[in-house]
Amino acid sequence: RNDQIKFIFPVGGGELQFAFVEPSTNGAPVTGATALGTEIDTTIPKLEAMFTRNFGPIYWIITGGYNTFDENVIATERDYSIDSWVLGTCIGYTAGPFYAYGAVYAGSNLVEYGQAFGYDWEQGATYIAATDSIEDDDTYGWSIVAGYSPMDILTIEAGYGAIESQVNTAVGVESEDESAMYYIQARIQVAKGFQITPELGKYDLDDRTATGAAAVDQGDAVYFGAQWRIDF
């Protein structure tokens, strides 16, 4: 976990959390695109906030964050500011053995924000030498999850999510990437404190398209695994 200082307040019948977090310096688009020697400078922490509120069996969450750092080219002392933000909301419902929730979010430069997972759809901010500028990667996505517990020792859950990102990778060239993922899992309570969760899922990386170029099929991946957990 990143170092942080968090404040928690009761607000408007719900709970507000606000945190100063160690800033992320992932990505560094100037360094990655050129042979220029650079230094990374940070001046403020990453700022994150979340508000939660329950309405009986329904709960609502809204969350957001902002991160910034500078890439300084040592030879020219030229600074490039890489700003990132994310804003999302989630609504969930829980009643007896059934639960479901859906979430939507939007953001800019999520690789640099520190929310990247290393998959092909995560493009990140781009440095364009022709204009000597940073182009922001705009991303939005959504997901839905539902689960049901037919008995105390078993919970079945399934989910689906989709994401799309867009960034200018050259003058007049926009790169667009769409991907999706879905899964099904079973949480099995073998004994008190001992849980096994097998999961089957698929990443559909879909196509990446760029202005004036043919679409590139990024393929897909099917996986199966299980988590073993023992709480002492």
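Listed here are the residues, each with its yes/no results for (1) over 25 Å from Phe224 (Cβ atoms); (2) open to solvent by 70 Å² or more (accessible area, probe 1.4 Å); (3) not β-branched (Val, Ile, Thr).
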{"residue": "Gly96", "(1), (2), (3)": "yes, yes, yes"}
{"residue": "Glu122", "(1), (2), (3)": "no, no, yes"}
{"residue": "Asp132", "(1), (2), (3)": "yes, no, yes"}
{"residue": "Val167", "(1), (2), (3)": "yes, no, no"}
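Residue by residue through segment 1-24, note down the ones that are of a type in the set (A, V, I, L, M) and either open to solvent by 60 Å² or more (accessible area, probe 1.4 Å) or more than 16 Å from Gly65 (Cβ to Cβ) (or both).
Ile5, Ile8, Val11
Hey, could you check segment 138-153 for residues that are at pLDDT below 95, of a type outside the set (Ser, Thr, Tyr) and assigned to a strand (DSSP E or B) and say which is surrounded by the most Cβ atoms within 10 Å (Cβ to Cβ)?
Gly141
Taking segment 98-119 as the search range and keeping residues that are within 10 Å of the chain's Cα centre (by Cα) and open to solvent by 70 Å² or more (accessible area, probe 1.4 Å), which one is modelled with the lowest pLDDT?
Looking at residues that are within 10 Å of the chain's Cα centre (by Cα) and open to solvent by 70 Å² or more (accessible area, probe 1.4 Å), I get Phe117.
Can you list the strands (runs of 3 or more DSSP E) found entirely within segment 27-137 that contain at least 3 residues being of a type outside the set (S, T, N, Q)?
So the answer is 38-41, 46-55, 58-73, 78-95, 98-108.
Before we move on, is Gly88 at pLDDT 95 or above and either buried (at least 18 other Cβ atoms within 10 Å of the Cβ) or in contact with a helix residue (DSSP H, G or I) (Cβ under 6 Å, 6 or more places away or on another chain) (or both)?
On the way: at pLDDT 95 or above: yes; either buried (at least 18 other Cβ atoms within 10 Å of the Cβ) or in contact with a helix residue (DSSP H, G or I) (Cβ under 6 Å, 6 or more places away or on another chain) (or both): yes.
Yes; evaluated as a whole, the condition is true for this residue.
Considering only segment 25-64, state which residues are more than 30 Å from Thr126 (Cβ to Cβ), over 19 Å from the mean Cα position of the chain (by Cα) and buried (at least 16 other Cβ atoms within 10 Å of the Cβ).
Matches in segment 25-64: Tyr59 only.
Inspect segment 39-56 for any residue being within 26 Å of Ile163 (Cα to Cα) and at pLDDT below 90 and give the result as yes or no.
no
Under the condition of being outside any strand (DSSP E or B) and open to solvent by 50 Å² or more (accessible area, probe 1.4 Å), which residue from segment 173-229 is nearest to Ile128 (Cα to Cα)?
Of all residues in segment 173-229, those outside any strand (DSSP E or B) come to 192-193, 205-206, 211-215, 218-219.
Pick out the ones that are also open to solvent by 50 Å² or more (accessible area, probe 1.4 Å) and you get 192, 206, 211-215.
Numbers: Lys192: 56, Asp206: 26, Thr211: 16, Gly212: 18, Ala213: 18, Ala214: 21, Ala215: 22 Å.
Filtering segment 173-229 for residues that are outside any strand (DSSP E or B) and open to solvent by 50 Å² or more (accessible area, probe 1.4 Å), the one nearest to Ile128 (Cα to Cα) comes out as Thr211.
The values are calculated or read from the model by the stated rules, or taken from the named source; none is laboratory data. In this text, all values refer to a predicted model and were calculated from it rather than measured experimentally. Methodologically, a virtual Cβ is constructed for each residue, glycine included, from the backbone with ideal geometry; neighbour enumeration extends over all protein chains shown. Just the protein is used for accessible areas: all its heavy atoms, side chains included, with ligands, DNA and RNA removed. Shrake-Rupley method; radii C 1.70, N 1.55, O 1.52, S 1.80 Å.
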